[in-house]
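Report on the following structure.
What follows is calculated from the coordinates using simple rules that are stated; it is not laboratory data. Note that the structure is predicted; figures quoted are calculated from it, not measured. Please note: Cβ atoms are built from the backbone with ideal geometry, for glycine as well, and neighbour counts cover all protein chains shown.
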Amino acid sequence: MEAARWAFRCGSWAPTCSDWLFAARCVQREEKERIGQFVFAKDARSAMAGRLLIRKLICEKMGFAWDGFRLERTPRGKPYLARPLSAPDSASPWSFNVSHQGDYAVLAAEPGRQVGVDVMKTTMPGSSSVVEFFKLMTRQFTELEWEKIQSAGSNWDQLDMFYRHWALKESFIKAIGTGLGFNLQRAEFHVSPTKMQEGQVYCQTRMYLDGEEEEDWTFEECLLDKYHHVAVALAKPEHLTTNDAGISSGATLPKFTLLSFGDLVSGATPLSDEDPAYWESFRRKLEAPVRQSEVQ
Ligand SMILES: CC(C)(COP(=O)(O)OP(=O)(O)OC[C@H]1O[C@@H](n2cnc3c(N)ncnc32)[C@H](O)[C@@H]1OP(=O)(O)O)[C@@H](O)C(=O)NCCC(=O)NCCS
């Protein structure tokens, strides 16, 4: 069955009152409340997009009605489908994960295969030099990874390589669902190719876990645009052997499809009544925190 790789440009999404109120009606009540509590509009929009992406996936790929299931979270926060008694016959277990950072919210999903996704936007550090910023991050990467990052070229190229490694680590952590409790030095990435082109998907990067090359994990990487790296961590398919997994990774790799807001809610059914105060509170939010480097 075809995998899903979807992206939504939440950074430039300017919802109208009716868009925002409709979106709020189409997510579970506790998620609507969580999203309403974000201080910044940018964070509220990206979290909303993440929830809509997951619901769309479960409807389109697993055959559930929009209002026919509940999403729960593991104790560490990873959303999952709490399977209702009346699952459609066609429903097969899909693993899914979303990420929202920079200007995008993304979803990656696969049937019968554990998946984690992370999007990272390359940006200059807000309040320090690149050298100071890297110092603060020393413990997140191994010596070999730092060599690769710091030999990438200009400050910008080094940051780009830094965020590429970051996305890879996060995609793995998110696939296994552990969150902050994982020692990031345990997973070392050997990235390849060094330069990626927009429009291409790569899967040559390898992960070494506790010093051993991991045969069971594949990492798809791509650039959504020249600033945004996406990494998708994929466990070996549950029904395949390692050899089969090698063959399947040689097949055409799925590219991210850019969705519009209309696409996100095309199959949506409201789960609750309209709440006009929710728009008032949204439109009063500041867009995003002011970065130190932007303060005169
Ligand atoms: C959630 C976590 C796993 C990732 O957070 P993040 O990178 O800030 O956020 P992303 O945008 O990529 O993903 C957030 C989404 O992942 C999902 N998520 C939440 N907890 C998760 C978990 N434990 N595992 C997988 N996915 C999770 C949710 O859908 C969440 O969106 P929501 O909060 O709007 O529901 C975070 O708790 C974490 O542990 N980060 C590690 C931080 C770190 O030290 N990174 C250094 C890398 S070098």
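Over 18 Å between C-alpha atoms is what I'm after, so list which of K195/K226; K78/K135; K32/K61; K56/K121; K121/K169; K226/K285 land there. Violating the 18 Å Cα-Cα cut-off are K78/K135; K32/K61; K56/K121; K226/K285. Hydrodynamic radius of the chain by the Kirkwood approach over all distinct alpha-carbon pairs: 20.2 Å. The helix-only estimate of mean residue ellipticity at 222 nm for the chain, built from DSSP H runs of length n ≥ 4 each weighted as -39500 (n - 2.57), is -9500 deg cm²/dmol after division by the residue total. Label zone (Y208, point 7 Å along Cα-to-C-beta; backbone nitrogen cut-off 13 Å) within the stretch 137-162: 142-148. Within the P(r) computed for the stretch 51-197, what percentage of the Cα pairs occupies the region above 18 Å? Percentage above 18 Å: 63. A crude spin-label estimate for the pair D225 and V290, with each label 7 Å from Cα along the Cβ direction, gives 2.5 nm. You can think of it this way: the chain between Q200 and S18 has 61.9 nm of extra reach, that is 0.36 nm per residue less the Cα-Cα gap. When peptides 113-125, 47-59 are ranked by their average number of other Cβ atoms within 10 Å per residue, the highest-first order is 47-59, 113-125. Across the alpha-carbon set of the stretch 115-235, the Rg to Rh ratio works out to 0.93, Rh being the Kirkwood radius.
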